[in-house]
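Only one structure is covered here, and it is reproduced in the block below.
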Amino acid sequence: MAHAHESNTKRIWVVLILLTVITTVEVVFGIIKPASLHLTSFFGISPLNWLFIILTLVKAYYIAWAFMHLEGEKKWFRRSIVWTSIFLICYLMTLMLIEGSYLYSTLSPLVKW
Amino acid sequence: MEANIAIPLDGKKTWNGGGQKPFGARYGKMMMWFFIVSDALTFTGFLAAYGLTRFKFIDSWPIADEVFTHFPGLHGVHAPMYYVALMTFILIISSVTMVLAVDAGHQMKQKKVAWYMFATIIFGIIFVGSQAWEWKNFINGSYGAVKTTDGKVLQFVKDGHQIALSDFVVGERTDGRVQHERHNGLWFEEEETIANYSIAQIQNSYKSNSDIQIRSELIDPVTKQKIILSREEGMAQLAKTKLVIEGANLKVNEYGNTIFADFFFFITGFHGFHVLSGIIINIIIFFNVILGTYERRGHYEMVEKVGLYWHFVDLVWVFVFTFFYLV
């Protein structure tokens with residue numbers, strides 16, 4: 001709101017190009033799936049999955065900051081939104097994924113293939 | 001006791017989003033943001049449940065590349081990811097036209113706002129249509145599979161590539177099974193579409209064609225590919241068949257775990273419903289723009305608010321895309 005009457009058109013187009021490039025990179029890696037990234041493991045999941053997750057977070061950052069204009073909001077308004085969401089999402093995800101791994105380690109020995 | 005009264009009653013104007021501006025944002029926009037936070041947590045709940053289930057069945061989860069392989073106009077061509085990448089791009093473009101509408105609103109350019117809103121609505125409709133097409137392919141299925149008595153889904157491969165039941169099943173079905181319809185059975189009951197092939201037909205075709213192998217759901221941890229069984233093992237598994245599956249629904253799924261289909265329908269469906277409601281809200285605001293409501297009000301903050309919702313829908317799709325199709 002501080003810069004309510006300025007036009008941010010240039011910034012918007014730059015962000016569009018960034019998002020398009022990132023999506024293209026994701027899709028190319030998703031189709032090729034290089035063995036060195038796909039079949040190895042790094043902190044529990046493959047480096048390819050880390051790449052996808054990080055690029056997704058980068059995209060989320062640009063959508064929230066540029067398109068949803070969080071960068072123009074007051075600092076503590078932004079924090080009340082971003083910190084709350086990130087904390088709760090990380091919390092829930094961590095618990096559920098740990099639980100999922102536990103279910104796998106408990107139940108999979110009982111499945112006969 | 002002034003703190004008890006947030007806004008003096010006589011200063012309240014219903015349609016300017018509230019006179020007070022905590023954090024420098026009008027109430028309307030602030031509440032939209034907090035609605036988005038809560039909605040984001042709803043989606044987190046769904047994606048977390050999806051993650052839990054996937055981790056629970058980590059050794060047999062369907063591989064997205066083998067599930068979503070269609071592209072309009074390319075029949076029988078293995079095209080993983082292209083279509084969903086196109087959908088993602090369409091949604092990003094619609095986000096851009098939306099933010100351009102908000103930008104034009106800041107400059108009070110009514111015509112520009114209207115045109116950008118219109119473009120956003122069109123791209124939104126294209127996206128929902130694309131999702132419907134994706135659903136159609138998923139529901140109809142592309143190959144067909146069988147399910148055994150112990151709940152395993154068996155797919156058929158030739159030279160390492162999956163083939164459809166229609167590619168190798170020969171002969172006539174001899175079990176005399178016909179579709180139950182009102183005119184040949186009970187008039188008050190209907191039956192879901194039955195499979196094109198009988199179990200015996202598939203078993204016999206497998207026996208007589210030594211090129212065909214069976215692919216199990218189990219993933220080889222080294223190659224991260226589904227394990228292909230030997231002819232003998234395949235025969236033993238196939239003998240346990242209890243059901244022929246063509247396509248996917250909430251009960252059976254030719255791609256593997258049924259719960260994969262359940263989550264697919266539920267999460268993309270919930271997202272699609274958000275897009276649909278976003279389109280409807282956008283249309284309402286679009287007409288308000290044309291009628292000059294915001295011109296008379298003196299600001300285009302309503303466009304900004306629906307813009308926030310629309311971008312949120314895009315934001316969610318970015319995560320759905322990653323966790324359903326990429327990871």
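The values are calculated or read from the model by the stated rules, or taken from the named source; none is laboratory data. What you see is a predicted model, and the numbers here were worked out from it, not measured in a lab. Note: ideal-geometry Cβ built from the backbone for every residue, glycine included; neighbour counts use all protein chains shown.
If you take the residues of the stretch B:97-115 that are on the phi < 0 side of the Ramachandran plot and not in a helix (DSSP H, G or I), which of them is farthest from the other protein chains (Cβ to nearest Cβ)?
Among those residues, the one meeting the criterion is B:109.
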So residue B:196, is it in contact (Cβ under 8 Å) with a residue 24 or more places away in the chain and under 15 Å from residue B:232 (Cα atoms): no
Give me the helices (runs of 4 or more DSSP H) completely within the stretch B:218-327, filtered to those with at least 1 residues that are over 19 Å from residue B:50 (Cβ atoms) and free of Cβ contacts under 8 Å to residues at least 12 places away in the same chain, ordered by residue number. B:231-238, B:258-291, B:293-297
For the stretch B:129-156, give me each residue that is in a helix (DSSP H, G or I), crowded, with 18+ Cβ neighbours inside 10 Å and of a type in the set (A, V, I, L, M, F, W, C). B:138
Residue A:49, sole failed condition from (1) closer than 17 Å to residue B:325 by Cβ; (2) more than 9 Å from chain B (Cβ to nearest Cβ): (2)
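Residue by residue, here is whether (1) on the phi < 0 side of the Ramachandran plot; (2) surrounded by 14 or more Cβ atoms within 10 Å (Cβ to Cβ); (3) facing chain B (nearest Cβ under 8 Å) holds:
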| site | (1), (2), (3) |
| --- | --- |
| A:53 | yes, yes, yes |
| A:67 | yes, yes, yes |
| A:82 | yes, yes, no |
| A:85 | yes, yes, yes |
| A:94 | yes, no, no |
Number of positions in the stretch B:45-70 that are touching a Pro at 6+ places or on another chain (Cβ under 9 Å), in a loop (DSSP other than H, G, I, E, B) and at the interface with another protein chain (Cβ under 9 Å from one of its Cβ atoms): 1
Please indicate, with yes or no, whether at least one residue in the stretch B:161-170 is part of a helix (DSSP H, G or I), buried (at least 16 other Cβ atoms within 10 Å of the Cβ), among the acidic types (Asp, Glu) and more than 14 Å from chain A (Cβ to nearest Cβ). no
Note on residue B:101: of the conditions (1) farther than 24 Å from residue B:274 by Cα; (2) in contact with a Lys or Arg (Cβ under 9 Å, 6 or more places away or on another chain), unmet is (1)
Take the residues of the stretch B:77-88 that are at the interface with chain A (Cβ under 10 Å from one of its Cβ atoms) and over 13 Å from residue B:131 (Cα atoms): which is modelled with the highest pLDDT? B:82
